[in-house]
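Structure, as structure tokens:
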Amino acid sequence: MKKLFLAILIISVCVLSSCKSGGYKITGKFETDATGQVFLSKIGLSGVEIIDSTRLVNGTFKFTGSVAIPELYLIEFENNQEQLFLFIENANIKISGNTNELQDVVVKGSKLNDIYFAILKGLPYQDEMQKLEESFYYAQMTGDQIAINSILADRNAILEEIKIYFLDNIKSNCGNPVGAILILQVAQALTLEEFEESVNMLKKSLPNHPYTIEIADYFESQKQQQELMEKIMGLQAGLEVGKTAPSFILTDINGKEVDLRNFRGKYVLIDFWASWCKPCRDENPNLVKAYKQFGGSNFEIISVSVDKSIEDWKKAVSEDGLIWTNVHDSEGIAAEEYAVVTIPSTWLLDKEGKIVKINLRGDDLNNTLKQLIK
């Protein structure tokens, strides 16, 4: 969140306005006698595309063309790492200032541009944030944890006030591209409810703008991600050490059904893996070693493959010498029950089917089994 708002504070220039007839004319006049190439690029969903270039001669340049609707563009100067962001509309846009201080240039040409810069100029707590940053770095250098905690608390309170400032301005400008770009700038700082409210306002008042579509798609992805994380967290709450492990019935390498409940009375290591997973394949020799030493009446391994390809799965089982119980979970049913996000993922169960350890590997697995199996 800190980086997000700092980015807002130092953003170079954005010009936003409604579409007009004719075309656009962008003229730049700077106080320096700089020369070199100037590039105009469009910033789209798939990246940045250079659409025009010209020469900076004696501090001046010009671009002309036309756009259907205002969108975000980027002007870059040869041998200058700073960039100038602006929304191009079909209007006469004038840029003046210094190529070495692009954050301070003046852009004229639209009412919405005036609105946008007034919002940025009115951004509260800029000086306070700068002082907190300086204090935070000093506290880090001196190892003053009490000061660090206090600074972080103050910063979070200020960031909340800044967010409210942006939300108020989003509501005031949800019918124009200013509101759209403000949402894009603070999206990561919003709660899902705040984000949804902003998206709904934008859909109603500015339904066909590319930024509305982009914001709506981003919101849906964030919503789905949060729902997935809540589901995973809910599952993980029931997968703690001491809890009974979820049961499953899967098909083994010979086409027979395997029921986890039938392994009660043994210690069982459930290993989620795949043939294409290099860390999984690298760990298999350790499992082979453990099974040779402990496998039998007191210990069993159930390797649960999440491979889509049965052939690849069976080939890897043969190549790695996995002589224990191997089952196929191509639909991820068991993996979902165990909230598996990454593989390999292992679960050691006791003789009653309760979870003893999670993600045991290498020597840790062998040492644990030595303690459990006498």
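Throughout, read-outs are computed from the coordinates displayed, never taken from laboratory work. Keep in mind the model is a prediction, meaning the values are calculated, not measured. No Cβ is skipped: glycine too gets one built from the backbone with ideal geometry, and neighbour counts run over all protein chains shown.
Which length gain, in nm to one decimal place, applies between GLU196 and ILE333 when the Cα-Cα distance is subtracted from 0.36 nm times their residue separation?
Contour length minus the Cα-Cα distance gives 46.2 nm.
So, with +1 on the Cβ of K and R and -1 on the Cβ of D and E, and no other charges, what is the size of the charge dipole of the chain about its Cα centre, to the nearest 20 debye?
Once rounded to the nearest 20, the dipole reads 340 debye.
Starting at the first residue of the range 249-260, write each ³J(HN,Hα) from the Karplus equation 6.51 cos²θ - 1.76 cosθ + 1.60 with θ = phi - 60°, in whole Hz, x for Gly and Pro.
Here the 3J(HN,Hα) series is 10, 10, 8, 8, 5, 9, x, 9, 6, 10, 9, 4 Hz.
Could you check what % of the DSSP bridge pairs in the range 172-327 are antiparallel, to the nearest 5?
So the antiparallel bridges in the range 172-327 amount to around 30 percent.
Per residue of the range 74-90, in order, report the coupling 6.51 cos²θ - 1.76 cosθ + 1.60 (Karplus, θ = phi - 60°) as ³J(HN,Hα) in whole Hz, putting x for Gly and Pro.
Rounded to whole hertz, the list is 9, 10, 10, 10, 4, 6, 9, 6, 6, 10, 10, 9, 7, 8, 9, 10, 7.
Using only alpha carbon pairs under 8 Å that are at least six residues apart, calculate the relative contact order of the range 249-372 and give it in whole percent.
34
From the helices alone, meaning DSSP H stretches of at least four residues, give me the mean residue ellipticity at 222 nm for the chain, per-run term -39500 (n - 2.57), in deg cm²/dmol to the nearest 500.
It comes out at -14000 deg cm²/dmol, rounded to the nearest 500.
What list of ³J(HN,Hα) couplings, whole Hz, do you get for the range 241-248 from phi and the Karplus terms 6.51, -1.76, 1.60, once you set θ to phi - 60° and write x for glycine and proline?
My calculation for the range 241-248 gives 4, x, 7, 6, 6, x, 8, 7 Hz in order.
How many angstrom lie between the C-alpha centres of the range 312-374 and the range 144-188?
45
Using only alpha carbon pairs under 8 Å that are at least six residues apart, calculate the relative contact order of the chain and give it in whole percent.
Dividing the mean separation by the residue count of the chain yields 12 percent.
Considering the Cα positions of the range 238-374, please state its Rg to one decimal place and its Dmax as a whole number of Å.
When restricted to the Cα atoms of the range 238-374, Rg and Dmax are 13.6, 39 Å.
Going by amide H atoms built from the backbone, whose H comes under 5 Å of the H on THR251, apart from near neighbours?
Here VAL258, HIS328 satisfy the definition.
Using the Cα atoms as the points, what is the convex hull volume per residue of the range 19-109 in Å³?
For the range 19-109, the hull spanned by Cα atoms encloses 86 Å³ per residue.
Evaluate E = 1/(1 + (r/R0)^6) for GLU352 and ALA68, where r is the Cβ-Cβ distance and R0 equals 56 Å; express this FRET efficiency to the nearest 0.05.
0.25
Taking the structure as given and computing mean projected area of the Cα convex hull in nm², which label from [x] 26.1; [y] 20.5; [z] 18.7 fits?
After the calculation, the listed value that fits is [x].
Considering the options ASN298, GLY362, GLY255, tell which one lies farthest towards the positive end of the dipole of the range 249-372, charges being +1 on Lys and Arg and -1 on Asp and Glu at the Cβ, about the Cα centre.
Toward the positive end, the furthest listed residue is ASN298.
Angle check, please: helix 278-294 long axis (alpha carbons) against the longest principal axis of the chain (alpha carbons), in degrees 0 to 90, nearest 10.
20
Whose amide H sits under 5 Å from the amide H of GLU82, counting only residues 5 or more places off or on another chain, with H placed in the peptide plane?
none
As I understand it, the value is the acute angle between the Cα axis of helix 145-172 and the longest principal axis of the Cα atoms of the chain; what does it come to in degrees, rounded to 10?
Helix 145-172 sits roughly 60 degrees off the main axis of the chain.
Quick one: which residues, 5+ away or cross-chain, put their amide H under 5 Å from the amide H of THR32? H built at 1.01 Å from N.
Sorted by chain and number, the residues that satisfy this are THR99.
If each of LEU120 and ASN79 carries a label point 7 Å out from its Cα toward its Cβ, how far apart are those two points in nm?
2.6
Note down the nm distance, to one decimal, between modelled labels 7 Å out along Cα→Cβ at ASP104 and at LEU228.
The answer from the label model is 4.6 nm.
With angles folded into 0 to 90 degrees, how steeply does helix 126-142 sit against the dominant principal axis of the chain? Use alpha carbons for both and round to 10.
Result, in degrees: 40.
Roughly what % of DSSP beta bridges within the chain run antiparallel, to the nearest 5?
70
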